[in-house]
Structure formats: structure tokens, C-alpha cells
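A short write-up of the structure that comes next.
Every number in this text was worked out from the coordinates using simple rules, so none of it is lab data. A quick note: this is a predicted structure, and the numbers were derived from the prediction, not measured. Ideal geometry is used to build each Cβ from the backbone, glycine not excepted, and the neighbour counts take in all protein chains shown.
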2 protein chains.
Amino acid sequence: MKSLILLSGGIDSAVCALIAKRKGRELYGLTFNYSQKHKIEIKKAKRLGKEIGFKKHWLLKIPPIVFNSSSLVNKSLKVPKNSFGSEKIPSTYVPGRNLVFLCIASAIAETEGIDEIYIGANSIDFSGYPDCRPEFIRSFQKCINTGTKRGVEGTPIKIVAPLLKKRKKEIIKLGKSLGLNFSLTWSCYNPINGDLPCGKCDSCIIRKNGFKMAKIEDPLNK
Amino acid sequence: MKSLILLSGGIDSAVCALIAKRKGRELYGLTFNYSQKHKIEIKKAKRLGKEIGFKKHWLLKIPPIVFNSSSLVNKSLKVPKNSFGSEKIPSTYVPGRNLVFLCIASAIAETEGIDEIYIGANSIDFSGYPDCRPEFIRSFQKCINTGTKRGVEGTPIKIVAPLLKKRKKEIIKLGKSLGLNFSLTWSCYNPINGDLPCGKCDSCIIRKNGFKMAKIEDPLNK
């Protein structure tokens with residue numbers, strides 16, 4: 001069976017890749033350059049894909065116009081610090097990001113005869129993005145079932161989101177047990193000088209808390 | 001109210017644009033270069049967008065890898081002739097095309113504060129593509145409702161598909177009544193020398209039958 005991994009370069013998608021690898025899948029990777037400020041994650045994703053052993057790893061570009069209202073993309077908006085835990089959807093929200101990523105992944109999967117798509121979406125220790133929740137993943141699966149040839153002919157491409165309801169600490173423990181090289185992952189939205197985690201954005205805070213609760217040392221935060 | 005029109009350059013999407021215009025919407029256009037062999041439709045779409053009066057018209061490129069199993073894209077596959085009416089989904093099917101187009105449109109709409117997306121999908125006189133059917137449009141709307149900030153906050157972007165259940169002849173009549181300049185539209189999948197309709201692909205046949213039944217002359221087929 002062939003699996004396409006949406007690999008951002010973060011811990012969650014890397015753990016997904018290793019879960020699929022443990023199942024003996026033939027692995028394909030897909031990473032997006034969507035003009036994110038934290039471009040370093042793309043470099044990390046490429047090296048990670050090599051280390052994990054992807055048969056192919058596609059890197060696609062999404063034009064800045066598509067996501068330009070997000071503070072992760074728009075240079076005139078600041079990535080917020082210490083905002084984690086507020087009830088609101090933060091400015092780092094990227095409009096329809098997982099929707100766009102999953103759609104393109106589905107098209108490639110159908111084009112290339114790939115059976116399932118792994119996405120590291122997580123709705124427990126997360127920033128409140130709507131497209132990381134189970135109800136979104138379910139409704140996207142329905143889109144695939146109704147809108148693609150494989151869906152209609154009875155063997156729909158399957159969206160696999162194994163981390164949806166896991167705590168960050170569990171994901172980190174799982175990563176460790178699967179041999180993940182955490183130094184090849186990246187979480188920070190707002191790297192200092194391009195390659196030093198800021199320690200203050202939502203993503204840094206979630207990562208830091210996760211490692212702390214898992215009682216594992218983060219090689220990026222010694 | 002602002003509307004984003006998925007404008008392919010064909011009759012259906014052009015009629016959608018005119019429907020939105022008649023409603024007094026502020027019009028935005030989105031056209032894709034997905035390495036389709038019938039690139040002439042992009043040129044037509046650009047001119048049409050100008051004539052209709054789009055406030056902005058985005059042209060985005062989808063890399064060939066995404067849709068490369070379709071005979072509309074892959075140069076080693078021939079666009080079939082005279083296959084219209086068979087029960088099977090034809091080789092011109094582009095994996096997840098409307099899914100990808102609608103996802104990117106949704107992201108742009110959320111980014112730009114646009115309220116609705118018009119798509120010319122049609123499930124009556126059509127080639128049998130699964131992503132042109134009402135059940136797909138419904139499930140996509142659900143994805144938007146669950147997966148985007150606007151969906152979650154109560155004012156989801158609306159997918160408008162006014163032609164879903166119309167016959168081609170009705171669409172052509174509607175186009176005429178709305179003043180559509182049919183010479184600026186394009187349907188053929190397999191143009192001869194790049195700019196002459198082949199007359200034999202599914203799309204030419206559907207167009208020809210539609211004009212004939214509407215008792216209207218097609219300026220591209222005199």
C-alpha cells in the first residue's frame with residue numbers, strides 16, 4: 001500500500017510518516033512552500049524525508065496571494081507572542097490551509113495511484129485552527145468520496161489523521177519510540193535570524209510544554 | 001457583496017459570472033493554468049474577465065504533477081473523440097480538479113474577504129465527472145463550514161453553483177439573455193493548431209448539441 005505524507009517539518013507530520021513506515025507502507029511525501037515566514041521548516045522537511053526514506057518527495061509552491069491574510073505569511077503582520085490559550089482563532093490561522101493541502105494531496109494521490117494520505121492534524125494541544133478538528137477531517141473525507149473517480153468507483157483515497165485526539169506529550173513519546181530524530185523537526189513560527197526558535201509563539205509553547213510533560217529533552221531547546 | 005468566479009473560459013463559468021453581475025455583485029475572477037492542452041481557454045478567460053468587468057482577476061498555476069493522469073494534461077495520452085455518452089468516467093477526467101479549484105478559491109475568498117464562490121459545475125449534459133454533481137458541491141460546502149474561520153464563526157463562504165441542474169441548451173439561452181459574447185468562450189479540449197475547435201471531443205459535442213437545441217448560432221462553429 002502507498003501512503004502520501006503531508007510533511008510540514010513539524011513533529012506531528014514526522015510522527016505520521018513514522019507510523020506509516022512502521023505499517024510497512026511505501027512512502028511518498030508532499031511539502032508546501034506557501035511563503036511561510038518559517039521557511040526553515042521546508043529544509044528540515046526535505047532532510048527528514050530523506051532520512052525516513054520517501055520514494056518521492058514533492059515540494060510545491062502556493063502563491064502568496066492564497067494565504068496572505070495570515071501573520072505566518074503576510075510580512076506586515078506580526079506573529080503573536082504568548083497568546084497561546086486565548087479562546088480566539090489566532091492571527092497565525094492560515095485560511096483553508098489544510099483544505100488546500102489535502103485537496104492537492106488528493107489530486108496527486110489519485111494521479112499517482114496512492115491509497116492514503118497522512119495528515120498530522122491535532123485538536124488537543126493546538127492553536128484552535130478549525131481545519132485541525134475531527135469534524136473537518138470527516139467532512140473532507142466525504143468530499144473525496146463524492147468528488148473523485150476513486151471515491152465514486154468504490155476505493156476512495158483514505159485520509160488518515162492518527163494524531164487527531166492525542167496530547168502533544170503522547171505524540172512526542174510516540175515519536176521517540178519510533179526513533180524520530182527530533183533535531184530534524186521544526187515548530188517555531190517566528191525564528192530568530194531564520195534558524196533559532198523564538199520560544200514565545202504558540203507553536204514554541206506547545207512544543208516546550210509537550211517535551212516537558214513527556215520528560216524528554218528537546219535537542220532544539222537545550 | 002463580493003463574488004469570486006471560477007472562470008475557465010467555457011460557457012458555464014461565463015454564464016455564472018453574468019448571473020453574479022446581474023445580482024449586482026462586486027466581481028473577482030480566478031482562472032487556472034493547470035497545464036491543460038487547451039491553453040487557449042486561459043486567453044479567452046482573461047479577455048472575458050475584462051469584458052465582464054472583474055475588479056481583480058487572478059491567474060494561478062497548478063504544477064503538472066498534480067493532474068498528470070488526465071488526457072487533458074498528459075501529453076502521452078490522447079483526448080478521446082466521439083466517446084460522449086458512454087457510461088464510464090472518461091480519460092479527460094482531471095483528478096480532483098474542482099476540489100483543488102474550490103479549495104484555492106475558498107482560501108483566497110477568506111484572505112480577501114469575499115463572500116461567495118461561483119462555480120459553473122453542471123451534472124446534466126456533462127461528461128460524468130464526479131466533481132460536477134450536487135452531492136460533491138454539498139459535501140464541499142460542509143468542508144468550508146467546518147474547516148475555515150469564517151465557517152466556524154458563523155458566516156461561511158457560500159459555494160454557488162446555479163447551473164448544476166440545467167440543460168446545456170438552457171445555459172446557452174440564459175447566456176444569450178444575459179448578453180454573453182460567445183465568441184469569447186472556449187469549450188474544445190483538443191484544439192486543432194491551438195485555436196480551432198476539433199468538433200469531436202466530448203466538450204465540442206456537448207456545446208454543439210446545446211446550441212442546436214437552443215436554436216442559437218455558435219460564433220465558433222459557423
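Could you give the longest part of chain A that holds none of the GluC sites (Glu not before Pro) found in DSSP loops with at most 15 neighbouring Cβ atoms within 10 Å? Walk me through the numbers before you get to the answer.
Numbers: sites that count: A:Glu87, A:Glu153, A:Glu217.
In short, A:1-86.
Distance cut-off 19 Å, Cα to Cα: go down the list A:Lys46/A:Lys78; A:Lys169/A:Lys212; A:Lys169/A:Lys208 and report the pairs above it. All intermediate terms of the calculation are to be shown ahead of the outcome.
Details: A:Lys46/A:Lys78 27 Å; A:Lys169/A:Lys212 8 Å; A:Lys169/A:Lys208 10 Å.
Distance filter (> 19 Å) returns A:Lys46/A:Lys78.
Which value results when the Cα radius of gyration for the range A:74-222 is divided by 2.2 N^0.38 Å?
Working: Rg = 17.1 Å, N = 149, 2.2 N^0.38 = 14.7 Å.
Taking N as the residue count of the range A:74-222, the ratio is 1.16.
Once the Cα atoms of helix A:97-112 and of chain A are each reduced to a long axis, what angle between those two axes, in degrees from 0 to 90 to the nearest 10, is obtained?
Rounded to the nearest ten degrees, it is 40.
With no solvent and one equal point scatterer per Cα, compute the Debye intensity ratio I(q)/I(0) for the range A:86-151 at 0.17, 0.19, 0.26 Å⁻¹ and report its log10, rounded to two decimals.
Here log10 of I(q) over I(0) equals -0.64, -0.76, -1.20.
Can you tell me the mean projection area, over all orientations, of the convex hull of the range A:144-222's alpha carbons? Units nm², please. Let's see the in-between values first.
On the way: hull surface 30.0 nm².
Spelled out: convex hull of the Cα atoms, projected over all directions, averaged, 7.5 nm².
For A:89-99, what's the mean count of beta carbons from other chains sitting within 10 Å of each residue's beta carbon?
Working: counts 4, 0, 0, 0, 3, 4, 12, 18, 4, 4, 13.
Counting Cβ atoms of other protein chains within 10 Å of each residue's Cβ and averaging gives 6.
Give the share of C-alpha pairs in each 10 angstrom bin for the range B:7-156, from 0 to the last occupied bin, in whole percents, shortest bins first.
10, 37, 38, 13, 1
Under a crude label model (7 Å from the Cα following the beta-carbon direction), how far is B:Asn221 from B:Lys23 in nanometres?
2.9
In degrees, nearest 10, range 0 to 90: what is the angle between the Cα axis of helix A:134-147 and the longest Cα principal axis of chain A?
30
Give the nm distances, rounded to one decimal, from A:Lys176 to the matching residue in every other copy, measuring between label points 7 Å along Cα toward the beta carbon; shortest first.
Spacings between copies for this position, smallest first, are 7.4 nm.
Testing the spin-label approximation: label points 7 Å from Cα along Cα→Cβ at B:Ser183 and A:Asn33. State their distance in nm.
Between B:Ser183 and A:Asn33, the simple spin-label model gives 4.3 nm.
Please report the residue of chain B with the smallest beta-carbon distance to the B-to-A rotation axis, and give that distance in Å, no decimals.
B:Cys103, 2
How crowded by other chains is B:71-81, given as the mean number of beta carbons from other chains within 10 Å of each beta carbon? Can you show the working numbers first?
Numbers: counts 0, 0, 1, 1, 0, 0, 0, 0, 0, 0, 0.
The shielding value for this peptide is 0.
Say a label goes 7 Å from Cα toward Cβ at B:Lys158 in every copy; what distances in nm does this one have to the rest, shortest first?
3.8
Per 5 Å bin, what percent of the C-alpha pairs of the range A:120-161 does each bin hold, from zero upward?
All Cα pairs considered, the percentages come to 5, 25, 25, 17, 13, 9, 5, 1.
Take chain B, connect every pair of alpha-carbon atoms lying under 10 Å apart with a spring to form a Gaussian network, then pick out the residue of B:Ser83, B:Ser127, B:Ser13 with the largest mean-square fluctuation.
B:Ser83
Treating the beta-carbon of each Lys and Arg as +1 and of each Asp and Glu as -1, no other charges, what is the dipole magnitude of the protein assembly as shown about its Cα centre, to the nearest 20 debye? Numbers along the way, then the final one.
On the way: 78 positive and 36 negative charges, 66 e Å.
I would put it at about 320 debye.
Measure nothing fancy, just the Cα-based angle from helix A:11-22's long axis to the longest principal axis of chain A, in degrees from 0 to 90, nearest 10.
On a 0 to 90 degree scale, this one is about 40.
Assign one of three labels to the range A:166-212, namely rounded, prolate or oblate, based on the Cα gyration tensor with a ≥ b ≥ c the square roots of its eigenvalues; rounded applies when a/c is under 1.5, prolate when it is not and a/b is larger than b/c, and oblate otherwise.
Numbers: a/c = 3.27, a/b = 1.59, b/c = 2.06.
Oblate.
Neighbouring Cβ atoms within 10 Å as the yardstick, rank B:Leu164, A:Leu196 fewest first. Mind dumping the intermediate values first?
Numbers: B:Leu164 18, A:Leu196 11.
Ordered from fewest to most neighbouring Cβ atoms within 10 Å, B:Leu164, A:Leu196 come out as A:Leu196, B:Leu164.
How much of the DSSP beta bridge set in chain B is antiparallel, as a percent to the nearest 5? Walk me through the numbers on the way to the answer.
Details: 1 of 18 bridges.
Around 5 percent of the beta bridges assigned by DSSP in chain B are antiparallel ones.
When each copy gets a label point 7 Å from Cα toward the beta-carbon at A:Ile192, what are the spacings between them in nm, shortest first?
Label point to label point, same position, other copies: 6.9 nm.
Give me the percent of DSSP beta bridges within the protein assembly as shown that run antiparallel, rounded to the nearest 5.
Values: 2 of 36 bridges.
Taking every DSSP beta bridge within the protein assembly as shown, about 5 percent pair in antiparallel fashion.
In nm, what is the difference between 0.36 nm times the number of residues separating B:Ser91 and B:Arg138 and their Cα-Cα distance? Intermediate values should be presented prior to the final figure.
Working: separation 47, 0.36 × 47 = 16.92 nm, distance 2.49 nm.
Length gained between B:Ser91 and B:Arg138: 14.4 nm.
Average partner chain C-beta neighbours within 10 Å, per residue of A:129-136?
Details: counts 4, 9, 7, 1, 3, 1, 6, 9.
Other-chain Cβ atoms within 10 Å of each residue's Cβ, averaged: 5.
Once you treat every alpha carbon in the range A:1-82 as an equal point and sum by Debye, what is log10 I(q)/I(0) at q = 0.15 Å⁻¹?
Result of the Debye calculation: -0.57.
Which is farthest toward the positive dipole end of chain A among A:Phe211, A:Leu77, A:Ile114, measuring Cα position about the Cα centre, with Cβ charges +1 (Lys, Arg) and -1 (Asp, Glu)?
Highest projection toward the positive end goes to A:Phe211.
Using the 10 angstrom Cβ neighbour count as an exposure proxy, how do A:Ile144, B:Ile40 rank, fewest first?
Numbers: A:Ile144 24, B:Ile40 17.
Exposure proxy ranking, most exposed first: B:Ile40, A:Ile144.
May I ask you to work out the translational diffusion coefficient for the protein assembly as shown at 25 °C, viscosity 0.890 mPa s, via Stokes-Einstein with Rh from the Kirkwood sum over Cα pairs, reported in whole µm²/s? Don't jump to the answer; show the numbers that get you there.
Numbers: Rh = 22.7 Å.
After rounding, the answer is 108 µm²/s.
Once fully extended, how much extra length lies between A:Glu153 and A:Met213, figured as 0.36 nm per residue of separation less the alpha-carbon to alpha-carbon distance?
Numbers: separation 60, 0.36 × 60 = 21.60 nm, distance 4.56 nm.
Computed gain between A:Glu153 and A:Met213 is 17.0 nm.
Using +1 on the beta carbon of Lys and Arg, -1 on that of Asp and Glu, and nothing else charged, what's the dipole of the range B:2-214 about the Cα centre, debye to 20? Present the calculation step by step, with values, prior to reporting the outcome.
Values: 37 positive and 16 negative charges, 123 e Å.
That gives a dipole near 580 debye.
Residue farthest toward the positive end of the dipole of the range A:2-214, with Cβ of Lys/Arg at +1 and Asp/Glu at -1: which of A:Ile62, A:Tyr189, A:Thr146?
A:Tyr189
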